[in-house]
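Novice: Could you have a look at this structure, given as structure tokens, before my questions?
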Amino acid sequence: NRRKKKHDSILEIPSIPNPFPELCCSPFASVLSASLLPKATSRKKQVIKVYSEDDTSRALEVPSDITARDVCQLLILKNHYIDDHSWTLFEQLTHTGLVRAVEDHELVMEVQSNWVMEEENKLYFRKNYAKYEFFKNPLSFFPGHMISFPSETNAAISHSGILQMFLSSSTYPEIHGYLHAKEQGKKSWKKLYFLLRRSGLYFSTKGTSKEPRHLQFFCEFSNSDMYMSLTGKKISGAPTNYGFCFKPNKSGGTRDLKQLCADDEQSRTCWMTAIRLLKYGMQLYQNYMQPYQRRSGCSPLNITSMRSISENSLVAMDFSGHRSRIIENPTEALSVAVEEGLAWRRRGCLRLNSHGSPIAMSNMGMSIHRSQSWFHHKISREEAQRLILQHGLVDGVFLVRDSQSNPKTFVLSLSHGLKIKHFQIVPLEDDGKLFYTLDDGHTRFTDLIQLVEFYQLNKGVLPCKLKHYCARIAL
């Protein structure tokens, strides 16, 4: 009772007003104005899943504002890959067979926000050697019969002149030619004459007429993404295998696709490259230049592989005598190099088996190539073409695979001139020894590794040297 009386007396005491209310903390009012508080710098993080060619995947916790280039750099570091500026993030729509290279500057979360539940979309991490190839050699990407320049421009356009016109905000070359277009709501395709201008893509309702009254608007690109079709002939009944399409952002599915189809790979490459330049413009050039910005003395429109100072100063040396000497005669230097190469090959012909005893390389010739990244065991011709196409149709992209028509032989699949060519590697037996050849035995190799190494340095019977191999990486 005494405690109760004391408590009641405390409650009856009138409250004293606070002379400094602004210094008191209240659950309903902040002590300081919100404008005086430092802004929160923590970024939200989300989890994305990235796949590789062998369908292995890796989950990454990344900031919400991460770009496609940053994701590639993160995967390069985590997997200890060599960064040759060709690693790319791809968006693939599994059900419709559509795929596109996500531009380096695009936000990955924005890409995923356009996905719908019905589509099994995936992000893939692989190399794309053709990503910025048009900056290095634009003349091969834009054939003369498909491109028209403004009337005031001279007929002869230089290497850098084409790029400057594409990147300029005032002038833009006109791309024109025939394309097959799938009619909306129908299964039929119609061949029409198309024109690409800065305002969008148009087709002519009267032959090849370019008069405004005969041009009908087909598509604009600010609110849609462009995809390459891998299975257009099978799914949509396209007349050729060179399809591409435009998919509006957050569309409801295949009914909103605007599908097109070219007659050959050169035409499709020209259209898709020009549309990329039209949509992104100078941003593409900045993406291309970013890896080279730290290099000094690089021409902005002609970036080539640079040799180190030490490599330029190498000289041939002879260490066979008591004192070393410089070999000044080029013929002697070449013969010494060949002799050293043969000696290295002879030393390397012995391997240790599981019991530690040496075995001859000829006994391993049938299996040693299986450990190489460029070798693909038992894939079809169509799968090989798809792999090379996804890695970019740049001269020298290749892989080696087992032949399906002849189990004892192998096939070298090579990209050249925007086409994929296949060359049979035939095994030959001479004096009890097994060799491999591409030219009916004129040039022989003890194993496939030696064959690939030779054609990486020499063109030989091939249309170009072997430069970039297609590999199935694992994440």
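The values are calculated or read from the model by the stated rules, or taken from the named source; none is laboratory data. Keep in mind that what you see is a predicted model, and the values were worked out from it rather than measured. Here the Cβ is made from the backbone with ideal geometry for all residues, glycine too, and neighbour counts use every protein chain on show. Protein only, heavy atoms only, side chains kept; ligands, DNA and RNA dropped before computing areas. Shrake-Rupley method; radii C 1.70, N 1.55, O 1.52, S 1.80 Å.
Novice: All but one of (1) open to solvent by less than 70 Å² (accessible area, probe 1.4 Å); (2) touching a residue at least 24 places away in the same chain (Cβ under 8 Å); (3) over 23 Å from Tyr51 (Cβ atoms) hold for Arg381; state the number of the condition that does not hold.
Specialist: Single failed check for Arg381: (1).
Novice: Looking only at segment 109-141, count every residue that is part of a helix (DSSP H, G or I) and either touching a Leu at 6+ places or on another chain (Cβ under 7 Å) or not small (Gly, Ala, Ser) (or both) and tell me the total. Working first, answer last.
Specialist: So the first thing to find is which residues in segment 109-141 are part of a helix (DSSP H, G or I), and the list is 109-113, 133-136, 138-141.
Narrowing further to those that are either touching a Leu at 6+ places or on another chain (Cβ under 7 Å) or not small (Gly, Ala, Ser) (or both): 109-112, 133-136, 138-139, 141.
Residues flagged as part of a helix (DSSP H, G or I) and either touching a Leu at 6+ places or on another chain (Cβ under 7 Å) or not small (Gly, Ala, Ser) (or both) within segment 109-141 amount to 11.
Novice: OK, next. Restricting the search to segment 207-242, which residues are free of Cβ contacts under 8 Å to residues at least 60 places away in the same chain, assigned to a strand (DSSP E or B) and farther than 19 Å from Lys191 by Cα? Talk me through it step by step, then tell me what you get.
Specialist: Quick first cut of segment 207-242, residues free of Cβ contacts under 8 Å to residues at least 60 places away in the same chain only: 207-224, 233, 236-239, 241-242.
Going one step further and asking which of them are assigned to a strand (DSSP E or B), we end up with 215-219, 224, 242.
Scanning segment 207-242 gives a single hit, Ser224.
Novice: Could you check segment 145-183 and list, in sequence order, the residues that are outside any loop (DSSP other than H, G, I, E, B) and at pLDDT below 65?
Specialist: Of the residues in segment 145-183, the ones outside any loop (DSSP other than H, G, I, E, B) are 145-148, 159-167, 174-182.
Result: His159, Ser160.
This table checks each residue for (1) crowded, with 16+ Cβ neighbours inside 10 Å; (2) within 18 Å of Glu183 (Cα to Cα); (3) hydrophobic (A, V, I, L, M, F, W, C).
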residue: Gln216; (1), (2), (3): no, yes, no
residue: Ser224; (1), (2), (3): yes, no, no
residue: Tyr242; (1), (2), (3): yes, yes, no
residue: Cys245; (1), (2), (3): yes, yes, yes
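Novice: So Asp395 clears everything in (1) assigned to a strand (DSSP E or B); (2) closer than 18 Å to His468 by Cβ except one condition, right? Which one?
Specialist: All conditions pass for Asp395, except number (1).
Novice: In addition: So, of the residues in segment 420-435 that are touching a residue at least 40 places away in the same chain (Cβ under 8 Å) and surrounded by 13 or more Cβ atoms within 10 Å (Cβ to Cβ), which turns out to be farthest from the chain's Cα centre (by Cα)? Give the steps one after another, and end with the answer.
Specialist: Looking only at segment 420-435, we keep the residues that are touching a residue at least 40 places away in the same chain (Cβ under 8 Å), and these are 421-422, 433-434.
Pick out the ones that are also surrounded by 13 or more Cβ atoms within 10 Å (Cβ to Cβ) and you get 421-422, 434.
Working: Lys421: 20, His422: 22, Leu434: 38 Å.
So, considering only residues that are touching a residue at least 40 places away in the same chain (Cβ under 8 Å) and surrounded by 13 or more Cβ atoms within 10 Å (Cβ to Cβ), the one farthest from the chain's Cα centre (by Cα) is Leu434.
Novice: How about segment 70-99: which of its residues are over 14 Å from the mean Cα position of the chain (by Cα), exposed (fewer than 14 other Cβ atoms within 10 Å of the Cβ) and not in a helix (DSSP H, G or I)?
Specialist: Hits for segment 70-99 are His80, Ile82, Thr94, His95.
Novice: Sort through Ile16, Ile10, Ile76 and tell me the only one that's at pLDDT 70 or above and either within 30 Å of Gln390 (Cα to Cα) or of a type outside the set (Ser, Thr, Tyr) (or both).
Specialist: Details: Ile16 fails: at pLDDT 70 or above; Ile10 fails: at pLDDT 70 or above.
Just a single option satisfies the conditions, and that option is Ile76.
Novice: Out of all the residues in segment 409-424, is one or more in a loop (DSSP other than H, G, I, E, B), at pLDDT below 90 and not aliphatic (A, V, I, L, M)?
Specialist: No; the residues of segment 409-424 include none that is in a loop (DSSP other than H, G, I, E, B), at pLDDT below 90 and not aliphatic (A, V, I, L, M).
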